[in-house]
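Remarks on the structure that follows.
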Amino acid sequence: MQQEPFIIEYYKIKNLLKVSAIDPKTKTEVCVFGSVSTSKEFITDLAIQKLKYQLNKKLITPVSGQS
């Protein structure tokens, strides 16, 4: 299975882990937060799922002003 070329960034903020997933082609970014005790892989997968959802949402949303 080929991995998408997303950029993943991690930030530790006290007892929270912020994970940002960025699509370099569209410059779309999403963030998710989780406890530092939560699996890093789980939070990363969640961020990637959220990014894919946003990218698919942009594809099916009509441009305003068009029918």
Along segment 38-49, Karplus-curve 3J(HN,Hα) (6.51, -1.76, 1.60; θ = phi - 60°) to the nearest Hz, with x for Gly and Pro, reads 6, 4, 4, 5, 5, 5, 5, 4, 5, 5, 5, 4
Computed over segment 7-60, the relative contact order (Cα-Cα under 8 Å, seq sep at least six) in percent reads 29 percent
Shape call for segment 7-60, from the Cα gyration tensor axes a ≥ b ≥ c (a/c under 1.5 means rounded, otherwise prolate when a/b beats b/c, else oblate), comes out prolate
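No value in this document is a laboratory result; all are computed from the given coordinates. Owing to the predicted nature of the structure, the values given are computational and were not obtained by experimental measurement.
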